[in-house]
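Undergrad: Pasting a structure here, questions to come.
Each value in this text was obtained by applying a stated rule to the coordinates, not by laboratory testing. Everything numeric here is computed off the predicted structure, so don't read it as measured data. Methodologically, a virtual Cβ is constructed for each residue, glycine included, from the backbone with ideal geometry; neighbour enumeration extends over all protein chains shown.
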Amino acid sequence: MNTYHIAVVVGSIRRESLNRKLADALFRLAPADFSFHHLRIDDLPLYNEDDEAHPSESMQRLRREIAGADGLMFVTPEYNRSIPGVLKNAIDHGSRPRGQNAWEGKPAGIIGLSPSACGTALAQQHLRNILAVLDVPAMAQPEAFICNYDGLFDEEGNIGPKSRDFLQGWMDRFAGWVRLHAGQTG
């Protein structure tokens, strides 16, 4: 059986990140032939074109891990109606130097969790715009703007019963999206 390796980018580096918790719960809904790896983004220097000639180990590691992935999962909060700076920084590092875009062609799913009623709708829209210019085919439907509520997660950190069917459907579509596009990645 072929295994699909998914690089997971959580847009929050907070120790108790709800989006990391969501990502971990989603992994449990994935098909058996999917494996997941969190990309570390908290140790990347601020993007500076001057560093491209001599990239740090963290920059090189990020690019290697993206290159080794069959697909991408972005799980992000919304900060000030956009994506967090740490996420944009990681995207910039992976897309440079010019002509060496590690993200290119990797199928992606976008989801996010927020305490607000509108979830992460604007952050996800901004992220879609960025991914489009990087030639990342992002799954369009179903959109998943998850609002945090008591019972979203059960005692073991799994998705609770009220949201399980919807998020299982999202994961099933994501798996299909990756399978459809993974053979086409560079």
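Undergrad: Given C-alpha coordinates of segment 4-182, what is the ratio Rg to Rh with the Kirkwood estimate of Rh? Please list the in-between numbers first.
TA: Values: Rg = 15.6 Å, Rh = 16.4 Å.
That ratio equals 0.95.
Undergrad: What do you get for the angle between helix 85-95 and the principal long axis of the chain? Use alpha-carbon atoms, 0 to 90 degrees, nearest ten.
TA: 50 degrees
Undergrad: OK, next. At 7 Å along Cα-to-Cβ for each site, give me the label-to-label distance between A121 and Y79 in nm.
TA: My value for the distance between the label points is 2.3 nm.
Undergrad: Next question. Setting aside same-chain residues fewer than 8 positions from K162, which lysines have a Cα under 19 Å from its Cα?
TA: K21
Undergrad: Next question. Over the chain, with a Gaussian network built from C-alpha contacts below 10 Å, which listed residue (G112, G169, G11) shows the highest mean-square fluctuation?
TA: G169
Undergrad: Another question, then. Near the amide H of V10, under 5 Å away, which other amide H atoms are found, from residues 5 or more places off or on another chain, if H is placed in the peptide plane?
TA: L39, V75
Undergrad: If amide hydrogens are placed 1.01 Å from N in the peptide plane, which non-local residues have theirs closer than 5 Å to the one on G105?
TA: When sequence neighbours closer than 5 places are left aside, the close amide H contacts are V136.
Undergrad: Here's something else I'd like to know. Which ordering of L44, L26 is given by a fewest-first count of other beta-carbon atoms within 10 Å?
TA: Listed from fewest to most nearby Cβ atoms, that is L44, L26.
Undergrad: Continuing with this model, one more query. Lys and Arg at +1, Asp and Glu at -1: add these up for the other residues within a Cβ distance under 14 Å of L29 and post the number.
TA: Values: positive: K21, R28, R164, R173; negative: D24, D33, D154, E156, D165, D172.
Net charge in that neighbourhood comes out at -2.
Undergrad: Another question about this same structure. What shape does segment 1-85 have by the C-alpha gyration tensor, where a ≥ b ≥ c are the square roots of the eigenvalues, rounded means a/c under 1.5, and otherwise prolate means a/b greater than b/c and oblate the rest?
TA: Details: a/c = 2.60, a/b = 1.26, b/c = 2.06.
Oblate, since a/c reaches 1.5 and b/c is not below a/b.
Undergrad: Gain in length, D165 to L180, computed as 0.36 nm per residue apart minus the alpha-carbon separation, to one decimal in nm?
TA: Numbers: separation 15, 0.36 × 15 = 5.40 nm, distance 2.24 nm.
Between D165 and L180, full extension yields 3.2 nm more.
Undergrad: Explain nothing, just the number: relative contact order of segment 61-186, from Cα pairs under 8 Å at least 6 residues apart, as a whole percent. Walk me through the numbers before you get to the answer.
TA: Details: 184 pairs, mean separation 35.0, N = 126.
For segment 61-186, the relative contact order is 28 percent.
Undergrad: Give a residue-ordered list of calculated ³J(HN,Hα) values for segment 24-34 (Karplus: 6.51 cos²θ - 1.76 cosθ + 1.60, θ = phi - 60°; whole Hz; x for Gly, Pro).
TA: 4, 5, 5, 3, 6, 9, 7, x, 4, 8, 10
Undergrad: Give the angle, between 0 and 90 degrees and rounded to the nearest 10, that separates the Cα long axis of helix 57-67 from the longest principal axis of the Cα atoms of the chain.
TA: 60 degrees
Undergrad: Related question: Calculate for the chain the 222 nm mean residue ellipticity that helices alone would give, adding -39,500 (n - 2.57) per DSSP H run of length 4 or more and normalising by residue count, nearest 500 deg cm²/dmol. Display every interim value, and only then the final one.
TA: Working: 5 runs with 67 residues, N = 186.
That comes out to -11500 deg cm²/dmol.
Undergrad: Related question: Ratio of alpha-carbon Rg to the 2.2 N^0.38 Å globular estimate for segment 63-108, to two decimals, please.
TA: Working: Rg = 11.4 Å, N = 46, 2.2 N^0.38 = 9.4 Å.
Normalised Rg, Cα atoms only: 1.21.
Undergrad: Can you work out the FRET efficiency for the pair A53 and D33, with r the C-beta to C-beta distance and R0 = 35 Å, to the nearest 0.05? Walk me through the numbers on the way to the answer.
TA: On the way: r = 39 Å, r/R0 = 1.13.
That gives a FRET efficiency of 0.35.
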